[in-house]
Amino acid sequence: MSRITIIDYGMGNLRSVHNAFESLGFSARVTDDPRVAAQADHLVLPGVGAFKDCMEHLREGGFIEPIKAHVEAARPFLGICLGLQVLFSESEEFGRHQGLDIIPGRVVRFPADMQGGGEDLKVPHMGWNRITLARRAPICREVEDGAFVYFVHSYYVVPEDPGVVATTTDYGINFCSSIWRDNVMATQFHPEKSQQVGLRILQNFANM
Ligand SMILES: NC(=O)CC[C@H](N)C(=O)O
């Protein structure tokens with residue numbers, strides 16, 4: 001059985017991601033050692049916090065090259081929330097900051113004055129919302145179109161190539177809620193906080 005390696009760069013909901021994989025019967029390890037990450041079968045980049053801080057922590061932790069090498073080696077990679085956003089070229093969160101540029105595109109803030117169902121929509125987008133399948137990524141096998149998952153974010157990704165969009169979600173605007181390109185999958189939502197649907201997504205990833 002493949003082993004799941006979860007990167008610990010000092011900013012992430014590591015415990016819940018680790019426990020979710022373990023609850024599914026997979027062997028998962030959390031590592032702050034880039035040499036361990038470089039040996040991973042399945043690599044997971046979770047993340048909660050600011051884009052700039054995430055990139056700084058990844059750089060200081062020596063994780064940037066191992067992540068890029070893992071993606072190049074076509075081994076399964078899963079980014080979660082901020083771990084999706086940093087895959088992109090740049091973010092406008094608290095200024096303009098360069099990302100890993102693995103997926104060309106930008107990270108932008110929700111508009112301030114969004115309306116939905118006749119109500120003002122608050123930012124951050126926090127809570128349960130539906131994902132609509134644009135393409136069925138391997139992680140979304142047996143996941144229903146329109147399934148509910150859990151979000152906490154103020155920014156969203158805008159891929160240059162719309163062909164990488166795997167799911168979209170409506171929150172005032174219709175935004176990209178997950179991407180899939182070859183072995184790289186990443187979700188704006190938190191599978192580890194999305195109950196059965198989220199566990200199915202993590203199980204699909206681990207079984208790749
Ligand atoms: N929960 C998070 O850390 C979200 C990532 C990013 N800071 C955003 O607001 O979109």
*In region 128-159, what count of residues is obtained for those that are within 13 Å of the ligand (Cβ to nearest atom), farther than 12 Å from Ser177 by Cβ and crowded, with 21+ Cβ neighbours inside 10 Å?*
1
*Looking only at region 38-50, which residues are within 16 Å of the ligand (Cβ to nearest atom), within 24 Å of Ala74 (Cβ to Cβ) and not small (Gly, Ala, Ser)?*
Val44, Leu45, Pro46
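The rows are residues; the columns are (1) within 18 Å of Trp180 (Cα to Cα); (2) touching a helix residue (DSSP H, G or I) at 6+ places or on another chain (Cβ under 8 Å); (3) modelled with pLDDT under 95.
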position: Leu45; (1), (2), (3): yes, yes, no
position: Phe51; (1), (2), (3): no, yes, no
position: His57; (1), (2), (3): no, no, no
position: Gly62; (1), (2), (3): no, yes, no
position: Pro76; (1), (2), (3): yes, yes, no
position: Ser91; (1), (2), (3): no, yes, no
position: Phe94; (1), (2), (3): no, yes, no
position: Leu100; (1), (2), (3): yes, yes, no
position: Val108; (1), (2), (3): no, no, no
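For every residue, the table says whether it meets (1) under 21 Å from Leu14 (Cα atoms); (2) out of contact with any strand residue (DSSP E or B) (no Cβ under 6 Å at 6 or more places or on another chain).
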| residue | (1), (2) |
| --- | --- |
| Ile139 | yes, no |
| Val164 | no, no |
| Thr167 | no, no |
| Asn174 | no, no |
| Asp182 | no, yes |
| Arg200 | yes, yes |
| Phe205 | yes, no |
*Any residue at all in region 190-205 that is in contact with an Asp or Glu (Cβ under 9 Å, 6 or more places away or on another chain), surrounded by fewer than 21 Cβ atoms within 10 Å (Cβ to Cβ), assigned to a strand (DSSP E or B) and at pLDDT 95 or above?*
no
*Taking only pairs six or more apart or across chains, which ones have beta-carbon atoms under 7 Å, a first residue in region 151-168 that is touching a residue at least 12 places away in the same chain (Cβ under 8 Å) and closer than 20 Å to Pro124 by Cα, and a second residue that is assigned to a loop (DSSP other than H, G, I, E, B) and charged (D, E, K, R)?*
Tyr155/Glu93
*When you scan region 51-127 for strands (runs of 3 or more DSSP E) that lie fully inside it, which ones turn up with 2 or more residues that are hydrophobic (A, V, I, L, M, F, W, C) and more than 13 Å from the ligand (Cβ to nearest atom)?*
77-80
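The values are calculated or read from the model by the stated rules, or taken from the named source; none is laboratory data. Computed from a predicted model, the values in this text were never measured in an experiment. No Cβ is skipped: glycine too gets one built from the backbone with ideal geometry, and neighbour counts run over all protein chains shown.
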